[in-house]
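Asker: This is the structure I have questions about; it appears just below.
The values are calculated or read from the model by the stated rules, or taken from the named source; none is laboratory data. Keep in mind that what you see is a predicted model, and the values were worked out from it rather than measured. Cβ: placed from backbone, ideal geometry, glycine included. Neighbour counts: every protein chain shown. Calculation scope for accessible area: heavy atoms of the full protein, side chains included, ligands and nucleic acids excluded. Shrake-Rupley method; radii C 1.70, N 1.55, O 1.52, S 1.80 Å.
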Amino acid sequence: MKYILVTGAYGGMGRKAVDALTAQGFCVFALDKAVGAAEENIIPIEADVTDSGSVRHAFEQVKAVTDTLFAVVHFAGVYLLDSLVEIGEEDFARAFQINLFGAFLVNKTFLPLLKSGGRILITTSELAPLDPLPFTGIYAVTKGALDRYAYSLRMEVQLLGISVSVLRAGAVDTGMLGVSTAALDRFCENTKLYACNAARFKRIVERVEARKVPPEKIAEKTLRILRAKHPKFVYSINRNPLLLLLDALPKRFQLWVIKQVLK
């Protein structure tokens, strides 16, 4: 029996990944802030990935069952949308705490259970390697930082025989999109600096998010990555061609295009 730890295990992508993994014979430690009842080959673990004591307690629960994990898979994350000059300090810090520090803390704590041949898979975003867009800057910056953290981690833990990969996903049909829409609505209602720009940006986001994939696709991709004999660093799914085209432009023209579209 191989054991896998999944964070954000009861979210849209996380839950589908847990189901796919157990269907293939893995036993999953399903870690989240709010968990369900135990199921066959699913061991729920209630924990806050930003709290060192909580994560350490989760480690002790896993260690009581096994001393070896085949993989740690990260789906825990938060989506925030705001302007970088209007966002509250607590929200700004919270984005980094969940999207970056949480992954760092879980990996640091559970590394002793990963042996040679073990895997770490971190879900970042299609935005991670791209230049940030207006009003999604805080999300893109945290995911970009997470992406760079993952690469640095891969450079180090390869020396221990452990691989690190990132899954850069585009829009996925999960509850996160509902959160995204609600965040966008709040921003449009509350911004005092960008009212007209925000309304136009909302229409663009709605068109982008209409091109979304079901979370089952993420689960299938997760399985393929974990089964790979020699995992690559980057795996992508459902990247938006318009975002890729915009990013390919010189920065001067990127700024001009955004200004014309949102002005």
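Asker: Given the pairs 143/263; 192/251; 16/192; 16/229; 2/212, which span a C-alpha to C-alpha distance of over 30 angstrom in this model? Could the numbers behind the result be given before it?
Answerer: Working: 143/263 27 Å; 192/251 27 Å; 16/192 39 Å; 16/229 23 Å; 2/212 32 Å.
Where the Cα-Cα span goes over 30 Å, the pairs concerned are 16/192; 2/212.
Asker: Using 7 Å Cα-to-Cβ label points, what is the residue 67/residue 160 separation (nm, one decimal)?
Answerer: According to this spin-label approximation, the distance is 1.6 nm.
Asker: Right, something else. Counting only heavy atoms of protein chains, what accessible area per residue, in Å², does the stretch 1-53 have with a probe of 1.4 Å?
Answerer: With the other protein chains kept in place, the stretch 1-53 gives 43 Å² per residue.
Asker: Cα centroids of the stretch 37-53 and the stretch 58-114: how far apart, whole angstrom?
Answerer: 13
Asker: Given the protein chains as shown and a 1.4 Å probe, how many square angstrom of residue 224 are accessible, to the nearest 10?
Answerer: Per-residue accessible area (residue 224): approximately 130 Å².
Asker: I need the phi-derived Karplus couplings for the stretch 29-44: 6.51 cos²θ - 1.76 cosθ + 1.60, θ = phi - 60°, integer Hz, Gly and Pro marked x.
Answerer: 8, 8, 9, 6, 6, 10, 10, x, 6, 5, 10, 4, 6, 10, 10, x
Asker: How much net charge surrounds residue 246 when only the other residues with a Cβ under 13 Å from the Cβ of residue 246 are counted, with Lys and Arg +1 and Asp and Glu -1?
Answerer: That sum, taken over residues with Cβ under 13 Å, equals +1.
Asker: What figure in square angstrom, to the nearest 10, would you give for the accessible area of residue 216 with a 1.4 Å probe?
Answerer: Here the accessible area works out near 80 Å².
Asker: With every protein chain present, what is the per residue accessible area of the stretch 99-193 (1.4 Å probe, Å²)?
Answerer: Per residue, the stretch 99-193 has an accessible area of 40 Å².
Asker: Follow-up question, since we're still on this one. Using θ = phi - 60° and the Karplus form 6.51 cos²θ - 1.76 cosθ + 1.60, what ³J(HN,Hα) does each residue of the stretch 81-97 get, whole Hz, x for Gly and Pro?
Answerer: Here the 3J(HN,Hα) series is 9, 5, 7, 6, 10, 10, 5, x, 4, 5, 5, 4, 5, 4, 4, 6, 4 Hz.
Asker: Using θ = phi - 60° and the Karplus form 6.51 cos²θ - 1.76 cosθ + 1.60, what ³J(HN,Hα) does each residue of the stretch 101-108 get, whole Hz, x for Gly and Pro?
Answerer: 4, x, 5, 4, 5, 5, 5, 4
Asker: Right, next: From largest accessible area down, sort 188, 196; use a 1.4 Å probe on the protein chains.
Answerer: Numbers: 188 35, 196 70 Å².
Reading off the accessible areas and sorting them downward yields 196, 188.
Asker: How much accessible surface does residue 263 have with a 1.4 Å probe, in Å² rounded to 10?
Answerer: We get 140 Å² for residue 263.
Asker: What does the helix-only formula give at 222 nm for the chain: each DSSP H stretch with n ≥ 4 adding -39500 (n - 2.57), the total divided by the residues, and the result rounded to the nearest 500 deg cm²/dmol? Please list the in-between numbers first.
Answerer: Numbers: 10 runs with 126 residues, N = 263.
Value at 222 nm, helices only: -15000 deg cm²/dmol.
Asker: Using a 1.4 Å probe on the protein heavy atoms, what percent of the accessible area of the stretch 1-106 belongs to carbon and sulfur?
Answerer: On the stretch 1-106, the fraction of accessible area on carbon and sulfur atoms equals 52 percent.
Asker: Just name one of 230, 248, 258: the one whose Cα is farthest towards the positive end of the charge dipole of the stretch 219-259 (beta-carbon charges, Lys/Arg +1, Asp/Glu -1).
Answerer: Sorting the options by dipole projection puts first 230.
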